[in-house]
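Note sheet for the following structure.
The values are calculated or read from the model by the stated rules, or taken from the named source; none is laboratory data. What you see is a predicted model, and the numbers here were worked out from it, not measured in a lab. For neighbour counting, all protein chains shown are included, and Cβ atoms are generated from backbone atoms with ideal geometry for every residue, glycine included.
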């Protein structure tokens, strides 16, 4: 009995220590953006200075869960908004696993459907959790108390109607994808999903959007995503490519890598760097 | 003489039963339309657009390939109809495949349905409370529920020889029973404490969903730790043999179940090898006074008994295994208590359940770190094929050593 009492005490002390350690580590009043290494796909975790958690896409499988566990304290289970850039498997399938372990407070995406059984499965899971889907369009934005702003730059309703007249997303060719700008102080990061050059050019045509710090390179570095005029306007310090090693699409393409190089954008790649974490206090930024 | 006669009658009955069982196995062939009832013995392998379910068909392996949704789970009862395709594997074994058959989920009875629901609630609660590897480990230790963990961690558990803790073996139940007896025994009479512990184990069997492997484990666990307490070793030995006998008589397939083999042999090890440590006064004193002495004795007894089975089934053995087991086994009964109490609380109040389960965090953290540390140290012995002669020789040697030790004592 004495033995178990001793063990109990040790457990308590350890618990207090571990709790304090994680509390200090994850509550540093800075903005954290993590491009999770989810293989071929996209999964971006954002933790704001006031410790609100956001997710943009969740990758193709369970890997996203490991990434979330490594970048938030173990007792936190709420994700304020889960964004889905567009209903393709390599962006949404991970939400099935995220939902088992975390509470999504709201779920936001573009108004496009995908007939596949896996996407219908996700929709029915959302329904089971009584989560209403918020459809976002260009011009929507919200700001949270700590000053972090999320602005939706694309797609417009016209663009969705033009590219997917039947409301179903195409597998190839042109389709709409959410483009989201996150800003905190003078720090800005642009998340482009699988958008292609015409949509992206249109999204950043507003004069207020230039000179960003971080660019999530569109469509895993495919050759259809970037154009010189886009980079000359955005002038990002870093370009992050979320991609799986040796994927069958040949992402990222030479064309895109050369283009990023030409504009002196420092390129980071999840298949080489693993999880890529960017930390900002609103002025400076640090890459981990 | 009398015992020998009774034993041979029993063995004869068993022989006839096993012979008839395998003689009457249905035969299947390529292109045949089949209607099957299957209970999933493992969770389906899920990839992004399909599920692959493993099952047995007669004496052959069957793979069922089906769409991503609806998702099936470990322990589901399925009614499946479709056309068989057969495939010959590299090792000349034949295997059947069903591509996208019609699948219907059936619910056998209310009690089982209830426990299935409860188990699902446990899985949900644990997953929402702990990191992935931790929740899977705790679900495995507490209820023998196999949830996915990262391949890396699963492999580390395997090579350090502690995978058995997630298999709901008789050893877990023994540790659990011993622990609650110790706790109750602190303020109750010994007989009463023993009675309450057995009751505790039965309640645990209910929580764990009356799974055959857990029922077997519980029967054997109760045998061992009641023998430890009452000091009636012979009674427990008969009990163990009878329990094993009837389990095989009821379902001859049991004998091929690794969980059964491990439970049975480990229990025998605890009954016969463990007392050897305590036969010498000097060793007994050391074991009693040190913090992990009991666990060392338990681990060595169980490992000595199960070594050939581990080799034959997992093919690898880490020289650190006894060390790792000694370092982590003491956490198992506590984790089982935390898991069982936390899970039960969670059925009534999600919040209370979560708070209680958090208590397991430091223990699981410690468990994980030890396993990962030692799995990185090397020292792994790999054995390709173990012939039955070697296994038989090993057990004969073990039995004669124990026998020699006993007669020596007398």
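Tabulated results
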{"read-out": "Test: residue in segment B:78-89 that is within 30 Å of the chain's Cα centre (by Cα), loosely packed, with under 11 Cβ neighbours inside 10 Å and not in a loop (DSSP other than H, G, I, E, B)", "value": "no"}
{"read-out": "Residue count for segment B:326-337, restricted to those that are within 12 Å of chain A (Cβ to nearest Cβ) and either touching a strand residue (DSSP E or B) at 6+ places or on another chain (Cβ under 9 Å) or free of Cβ contacts under 8 Å to residues at least 60 places away in the same chain (or both)", "value": "2"}
{"read-out": "Given (1) touching a strand residue (DSSP E or B) at 6+ places or on another chain (Cβ under 7 Å); (2) without any contact (Cβ under 8 Å) to a residue 60 or more places away in the chain, index of the condition residue B:15 fails", "value": "(1)"}
{"read-out": "Residues located in segment B:343-370, provided they are more than 9 Å from chain A (Cβ to nearest Cβ), over 16 Å from residue B:127 (Cβ atoms) and buried (at least 18 other Cβ atoms within 10 Å of the Cβ)", "value": "B:345, B:367, B:368, B:370"}
{"read-out": "Answer from B:97, B:123 - the residue that is at pLDDT 85 or above, surrounded by 15 or more Cβ atoms within 10 Å (Cβ to Cβ) and in contact with a strand residue (DSSP E or B) (Cβ under 6 Å, 6 or more places away or on another chain)", "value": "B:97"}
{"read-out": "Boolean, residue B:305 is over 27 Å from residue B:256 (Cα atoms), away from chain A (no Cβ under 11 Å) and under 25 Å from the mean Cα position of the chain (by Cα)", "value": "no"}
{"read-out": "Selected residue (criterion: surrounded by the most Cβ atoms within 10 Å (Cβ to Cβ)) from residues of segment A:30-52 that are in contact (Cβ under 8 Å) with a residue 40 or more places away in the chain and assigned to a strand (DSSP E or B)", "value": "A:43"}
{"read-out": "Test: residue B:105 is over 17 Å from residue B:347 (Cβ atoms), more than 14 Å from chain A (Cβ to nearest Cβ) and assigned to a loop (DSSP other than H, G, I, E, B)", "value": "no"}
{"read-out": "Odd one out for residue B:5 among (1) modelled with pLDDT of 80 or more; (2) under 29 Å from residue B:242 (Cα atoms); (3) not in a helix (DSSP H, G or I)", "value": "(3)"}
{"read-out": "Looking only at segment B:53-71, and only at residues there that are part of a strand (DSSP E or B) and closer than 19 Å to residue B:29 by Cβ, the one that is farthest from the other protein chains (Cβ to nearest Cβ)", "value": "B:60"}
{"read-out": "Any chance residue B:37 is under 24 Å from residue B:252 (Cβ atoms) and in the same structural domain as residue B:73 (by TED's automatic domain parsing)", "value": "yes"}
